[in-house]
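Written out below as structure tokens is the structure these notes cover.
Since every read-out is calculated from the coordinates, none of them should be taken as a lab result. The shown structure was predicted, so the numbers you read here are calculated from the model rather than taken from an experiment. Neighbour counts run over all protein chains shown; Cβ positions are idealised from the backbone, glycine included.
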Amino acid sequence: MENAIVFKFSEGDINHLQEEAERTSNSDVSKSKNRETDSNFLKKEVEYSLEDSKEVLANVFSGRDRIYDEKWLLSENVQSRIVSVSDSEVTVDCLIDISNRLFQHRVFPRRLFDNVKKLDKGGFVLIKTKAKPGAIRIDVYPGNGIVNEKFFHLKDGWESLENEKLDEKLTQW
Amino acid sequence: MFFIRAREELCLTFPLIILTLVTIRKYRMSENSKSTVFQFEVRYNHILNFSEISRRLLSPFVKLASSIKVDNQGSIEERLVLNFDEDNYLITVSWDRILIKVQGAIKNFTESNSIIQTPFLSILDRLMELEGFGNVQNILLAANYVKKFDCDKSKLVKWFSERALNKAVESVFPETTDVAVVVESKMKESEATVSFGPYFGSSELLKRPISLVSNVDLEDFDFSGVMLESKYFMKVSEVNFSTFVDIVKVNEENVQRVWKML
């Protein structure tokens, strides 16, 4: 089907997709450019103004350890709230189904959370799990700004029972 | 496909026609198609101050990404690209749209807690909370599929032409080297397009409008068969995970109709 298909879409779709294609194919080139400029700090100062984020962003990701080309069959990003923290483990409420507000209580080793600075009860974390036969990988990220706190406010109509005296002691039995 | 299956069943009853079956099997398509890469876009009213708020808005998500790129920096059309190399996807956010491009089987991402929900829709939720955010205008799903077809590459075009084109089209050139069919459906609120034709191997995937995110899985697609590109565009006023699941379902139905026809 090489060069044979012609899309006739409106709204500038194709130009947009083509741009994406070019950007993806050029991404390795831009990475190597960044590496070249890292070696010459003085030159860097001349080339980029303080407002330019290119070098700053390149350094943000430089220290991360990653294994590329590893194929995982299942990947989940689970928004979670910390329920309790002990010396050895952290218990969290994992929102396993956002649409239906289904939670699961899960316990993880404390060490997994060492990168979370504020490990307090009620705090939010994002738990990323990836699995394949015989292996699982868990990454924990601080959830501020990522986790939608509203998902964890479960009133679900209970407020309509307010002042219905359901919480009063039964005295007439 | 029905014809092929019918002949197979017949063969079990009447072993004498095994020779016929062998001939048919030679041109048989594999049962499962593979979606190689897909792109899901949500378009909204232009956010005029996007460049002023974009970094603050996206900064929490940077820790999930493996790299970030800023295009048209400081301009009204500033665009941020978050690359998630390890998971083979990227998210682009700009003043008029947010898109996610993912390499892998599209069905896997209709499960709860997939990357469509977090971080893609989480970022959209944060955008929608902005004071300057207008309305969601429309969504677009574009996906590439390939299906293996056990046939000599030199006979692929001829086989496809016989199935999908009439003889008049086949005879335009004495020797046809490539063909494709484009089918469009434009309704009031939606548009669908499927384009399909012979597929000669993984190198073709690198030339399509929806390019691959990485070349990691390229060898998995190094076979010949049929390639299909589908698009589904829909006007909507709100987007959530169910919207994505629904559009994938409609898209899959369109794709399955093409595979059935072949």
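Return the FRET efficiency for the residue pair B:SER171, B:LEU206: r is the Cβ-Cβ distance, R0 is 30 Å, and the value is rounded to the nearest 0.05. Calculated transfer efficiency: 0.40.
Loop-resident trypsin sites (Lys or Arg not before Pro) (DSSP state other than H, G, I, E or B) in the stretch A:87-140 with no more than 13 further Cβ atoms inside 10 Å of their Cβ: A:ARG101, A:LYS117, A:LYS118, A:LYS121. For chain B, averaging the sequence separation of C-alpha pairs within contact (under 8 Å, six or more residues apart) and dividing by the residue count gives a relative contact order of 23 percent. Remark on A:ILE96: its backbone amide H falls under 5 Å from those of A:LEU102, A:PHE103, A:GLN104, a criterion applied only to residues 5 or more positions apart or on other chains, H modelled at 1.01 Å from N. Take each residue of peptide B:80-86, count the partner chain Cβ atoms within 10 Å of its Cβ, and average: the result is 4. Among B:SER114, A:SER160, B:SER195, a tally of other beta-carbon atoms within 10 Å of each Cβ gives an order, fewest to most, of A:SER160, B:SER114, B:SER195.
Contact order for the stretch B:38-139, expressed relative to its length and based on alpha carbon pairs under 8 Å spaced 6+ residues apart, stands at 36 percent. Using the Karplus relation 6.51 cos²θ - 1.76 cosθ + 1.60 with θ = phi - 60°, the per-residue 3J(HN,Hα) values for the stretch B:125-130 come to 4, 5, 5, 5, 7, 5 Hz, with x marking Gly and Pro.
Give me a single rounded figure for B:59-72: the average over its residues of other chain Cβ atoms within 10 Å of their Cβ.
5
Using the alpha-carbon positions of the stretch B:38-139, Rg (one decimal) and Dmax (whole number) come out as 13.1, 37 Å. Placing +1 on each Lys and Arg Cβ and -1 on each Asp and Glu Cβ, with no other charges, gives the stretch B:38-139 a dipole about its Cα centre of roughly 60 debye.
Under a model in which nothing but the beta-carbon of Lys, Arg (+1) and Asp, Glu (-1) is charged, chain B shows a dipole of about 720 debye around its Cα centre. Peptide B:220-227 is shielded by partner chain Cβ atoms: per residue, an average of 1 of them sit within 10 Å of its Cβ.
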